[in-house]
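To start, the structure under review is shown below, and the notes come after it.
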Amino acid sequence: MSRKTQEQDGGSRGSVVMERKTKTTVSPPKMYKVLLHNDDYTPMDFVVAALEVFFHHSHEQAVKIMLQVHHNGVGVAGVFTHEIAESKTAKVLAAAKEAGFPLLCTYEPDA
């Protein structure tokens, strides 16, 4: 008695189909800088408090960023994904408006 191999019987028994898997890569999301802009009316204490509350900076780090805003005209509060940057910007603007200050907060793509 002889056994037929797959080649002899046309490959109908025990055939294995190999699928090619394509490797997909996921790139990290684009990041955005949230910027605070200097003005002549918003108190420094308010800017420090905003950095502590909305961006979770320590008091020391918040003071450093506030001084950067004061001396350079603009400072980076943080770098986030688009949705988070947009949300934090809106929260800072709403808090400043409620307090009666013209603090400007914007976001832009991080280079």
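Just so it is clear, none of the values below were taken in a lab; they were calculated from the coordinates. Nothing here was measured: the structure is a model prediction, and the numbers come from that model. Ideal geometry is used to build each Cβ from the backbone, glycine not excepted, and the neighbour counts take in all protein chains shown.
Here are a few things to note about the model shown:
- All positions within segment 80-90 that are of a type outside the set (D, E, K, R) and either outside any strand (DSSP E or B) or loosely packed, with under 13 Cβ neighbours inside 10 Å (or both): His82, Ile84, Ala85, Ser87, Thr89, Ala90
- Filtered residue count, segment 85-103, keeping only those that are in contact (Cβ under 8 Å) with a residue 12 or more places away in the chain and within 20 Å of the chain's Cα centre (by Cα): 7
- Between Ala96, Ala77, the distinction of being part of a helix (DSSP H, G or I) and among the aliphatic types (A, V, I, L, M) belongs to Ala96 only.
- Top-ranked residue of segment 14-44 - restricted to ones that are of a type in the set (A, V, I, L, M, F, W, C) and assigned to a strand (DSSP E or B), ranked as nearest to the chain's Cα centre (by Cα): Met31
- Residue within segment 50-70 that is farther than 27 Å from Pro29 by Cα and aromatic (Phe, Trp, Tyr) present: no
- Beta carbons closer than 9 Å, at least 6 apart along the sequence or on distinct chains, pair a first residue in segment 38-63 that is farther than 17 Å from Ala90 by Cβ with a second that is in a helix (DSSP H, G or I) and of a type in the set (Asp, Glu) for Ser58/Glu52; His59/Glu52; Gln61/Glu52; Ala62/Glu52.
- Here segment 45-74 is the region considered, the condition is being assigned to a helix (DSSP H, G or I), exposed (fewer than 15 other Cβ atoms within 10 Å of the Cβ) and among the polar types (S, T, N, Q), and the residue that is nearest to the chain's Cα centre (by Cα) is Gln61.
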